[in-house]
Every structure is written in C-alpha cells, then in structure tokens.
Amino acid sequence: MAKKTTAATSQAIPGQFFRYPNIGARSKFISDSNNEDVATTLNTGTQISAATTKLDNLDIVKTLLFVINLAVEWTNTGTTLKLSPFFPFNAVQQLSIQFESAFMTYRLPGALAAVMQQARPALSDPKGLMKLTNMTTNVQQTNEPTSHWSQASELTPTGLTLDTGTSQTIPLLFEVPVAMTFDLYWELDELGNAKGAPIPRAIVSPQYMAANTRTVTPKILYAPGISVEDLLGGAVAKGSTDVTSTFTGTAAAQIFRDGWYPASQEASPPVYGWQYSRDYLEQPTSGQSKVNVPLDQDVTGQGQILMVVGFVWDPAGASGFGAVTPLDDYAEIDLNFSSKLPIYQDTPQTMQYRWLGKHGILLPDGFWGYDLALTEDGRFTNEEAMNTLITAGCQVQLQFNSGSAPSATSTVYTGIEILKAVTS
C-alpha cells in the first residue's frame, strides 16, 4: 500500500508570480476612455487649460502617453514673428499629474519634458536613445570637440519651420512615467539603509487605479499661440509693437495607459516604499558669475535624485526675446554632494563627453546634465543616487566665464528625476 504524502505549502507573497507566464498580470496598452478626445481651441495671447477629466479606475498603470496633435496657423503681416529654440515643444506650457497627495508625480514644462524623455524614455529601454518627432541628431565625426560640441539643432525637429499663412499639423508625444523599471533596485529606508539584497527588474512603483475613490486628473496647459517678446513662454513670439500678426489653432489630445490588467495580489507587480517622479526647479541667477542651485528645495522635495538636466534662460538675449545661455559662456559646471564635496567637477566639454558616452546623443546646446542612475556597465539603478533625505547641501554649481554671466533677470531651470518616499 502506497504511503500518503502531504505536499508542503507556503503562502505566496505579493508579487511573487508577477512575471510568471500564464499566471502573472497581463500587460496592456490601451486608451484612457475618459480622455480619448480632449479638444481645445488655442488662444492667441493667453494660456489655456485642456478639459481633461479623471483617469479610468480600471487597472495598474506604469506610464501614460499623451498624444497631442496641434493644428496651427500663423500669419505674419508684420515682420517680427520669431521661432522659439524650444519650438514646438513649448507650445505645451506644462504637463502635470499627481497620484500621491504629498508631492507631484510629474510636473514639467514642454521643453524640459522633451529633453528628459529623450534621455530616459519610459516606453523603451531607459538606457537607450529615444528621438522625438525626428528631434536632434547624433554627433557626427565632422563635429569638432573644442570647448564643447555643437548640436545640429536645438529642439526644433527637422522640417518644422514658422511657415506663415499655411496651416500646419504638429504631432507631440509626451511620455509621463509614473513608475520605471530598474535593472537593479535597492529598497532603502528613509535613513538610506538597504532593506535587503538588490532586486533585479524592479518596477518602482506602479499605480493601482482600481478604486472608485481614487481621483487622478492629468493637466495640460497650452502656451499662448503668440507670446510677446518671450520665446520661453511660447513657441512663437512677436515684438511689442506688432499688432497685425495673427494666430489660429486647435489641439486634440488623447491619453494612453501602459501597464497591466489587474490580477491576484501574488501575480501583480509589487509596490515599494518609493515613488518615481519628475519635477523641476526655478532658481534666479541675479546676474552672479557663480550660481548655486540647491537640489533639495521645494517644490520637488526630498528623495533619491537619479538625474538632473538644466539650462539658463536669459530674457535679455536675442534682442529682448530671450535665449538659452550657450555652453561657451560656462567656465565650470559642478555637481556637489553636500556643499563642499564635488561628485563631478566639469568643463562643458567633459560634461558633454560623459553624457554622450552614456546616452549616445548630446543634450541640446546650452543644456547641461548629470545621470547618476546609469553605471559604467550600463545598468539603470539607484545605487549611486544622491539622497537628499540624509545629506544636506546637494547642489549644482554653475560658474560663468569672466564677462559672460547672464543678465540679472536670468533663471536656471532644472529638471529632476527622483525617487520620493511614499508617506500617503
């Protein structure tokens, strides 16, 4: 007679079967039914918000894709219309969405959103090269590495111009990641101590939407169709005496959801104690030749900084229309872990050299950046993130050449990729 055996059983833990074939949660990419056709009539001289509504309470979300199609026309019976170096991306003044009550999950102006998306795409390999609407170019062998490499274009895609009197359709696709997949992730407590061994392929941290009480409404703020002597505040600007140039335009937006259909707790992606976020800071230069940009200031708050990307906008440039301060005007760019401990002490050339080595493409001219999340062996990880919760004085320090400091009305705009501790 055969002996009876009892199989040892143990209770599955959350996320244990997430990636198991036929068991784990099913991935999907679908339209958000509440935001499938958000039409907006754009205004010539003022900002206007799109009439978005709350996201569906259906599934588990990793990334939102904002597909925005502009139908625009400028007429220039005057002579002063100018194209922004950020055209067409700063036709979107700001994108934002808030999942956690304590902080903004995503909040970026269109230009910074485009540059950070190029550096860290969410719908493809976050270490790979992502081009937006044919924007920018790879560095070619004909470029000369002098004080810095020059980019063939800034943010304006090839083939897009200020074609006055002609209706143009301009597609803009913005990825809004609410979580990212790390090659190797360290779960830390708020004192910076590791809670265990590193976790491979961790998704930090997906948003569970299936709750009727959860109300999350994305926001799209469009810039004026024609700003007045302000190439930062609009994709196209005119002179203050121009009373004849006109603009007409509409925007059609649709939001897609990248994530998973709900499954059992054991088969769904696990949630960690940190939330992925992208936000930005504004810091006046006051005309100084050396400017410190604190990275632990509001509104981005505290956390593990993965990447910073920034530029200086000088409203006095381009004959009063405003311009990005060129890299030739910088003597030194430093990233400091506390006010007295530099991590990187760069010239524009060495900063660009390292960025190019990691990303295979340059930042637009005038932009500087530091990627702390890509290691020399190509892994995307938080092991070398700057943790502002445990170290005071994390900052970027900009030093300009003698006589090249931007005007007293200039501002540093710094985009920050960060993991924030979840408190609510």
Checked pairs for region 352-378, first under 17 Å from residue 417 (Cβ atoms), second at pLDDT 85 or above and among the basic types (Lys, Arg), C-beta under 6 Å and 6 or more apart or across chains, list as 371/358; 374/358
Sole miss for residue 167 among (1) surrounded by 16 or more Cβ atoms within 10 Å (Cβ to Cβ); (2) hydroxyl-bearing (Ser, Thr, Tyr); (3) at pLDDT 65 or above; (4) out of contact with any Phe, Trp or Tyr (no Cβ under 8 Å at 6 or more places or on another chain) is condition (1)
Those residues of region 341-393 which are of a type in the set (Gly, Ala, Ser), part of a loop (DSSP other than H, G, I, E, B) and within 19 Å of residue 328 (Cβ to Cβ) amount to 366
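Looking at the structure I just gave you, is residue 306 surrounded by fewer than 22 Cβ atoms within 10 Å (Cβ to Cβ), under 30 Å from residue 189 (Cβ atoms) and among the hydrophobic types (A, V, I, L, M, F, W, C)?
No.
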Filter region 41-75 for residues that are buried (at least 19 other Cβ atoms within 10 Å of the Cβ) and under 13 Å from residue 236 (Cβ atoms); the one that is modelled with the highest pLDDT is 42
Condition set in a strand (DSSP E or B) and more than 23 Å from the chain's Cα centre (by Cα), scope region 214-232, selection surrounded by the fewest Cβ atoms within 10 Å (Cβ to Cβ): answer is 228
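Condition (residue is touching a helix residue (DSSP H, G or I) at 6+ places or on another chain (Cβ under 8 Å) and either within 25 Å of residue 83 (Cβ to Cβ) or among the polar types (S, T, N, Q) (or both)) applied to region 211-223: is it met by at least one residue? Break it down into steps so the answer makes sense when it comes.
Going residue by residue through region 211-223, those that are touching a helix residue (DSSP H, G or I) at 6+ places or on another chain (Cβ under 8 Å) are 218, 222-223.
Applying the additional criterion that residues be either within 25 Å of residue 83 (Cβ to Cβ) or among the polar types (S, T, N, Q) (or both) yields 222-223.
Scanning region 211-223 turns up at least one residue that is touching a helix residue (DSSP H, G or I) at 6+ places or on another chain (Cβ under 8 Å) and either within 25 Å of residue 83 (Cβ to Cβ) or among the polar types (S, T, N, Q) (or both).
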Within region 233-264, restricting to residues that are surrounded by fewer than 23 Cβ atoms within 10 Å (Cβ to Cβ) and among the aliphatic types (A, V, I, L, M), the one that is farthest from residue 94 (Cα to Cα) is 263
Cβ pairs under 7 Å, 6+ apart or interchain, first in region 291-310 and over 25 Å from residue 364 (Cα atoms) and in a loop (DSSP other than H, G, I, E, B), second modelled with pLDDT of 90 or more and basic (Lys, Arg), ordered by first then second residue, are 301/420; 303/420
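The values are calculated or read from the model by the stated rules, or taken from the named source; none is laboratory data. Bear in mind that the values here come from a model prediction, so they are computed numbers and not experimental data. Cβ: placed from backbone, ideal geometry, glycine included. Neighbour counts: every protein chain shown.
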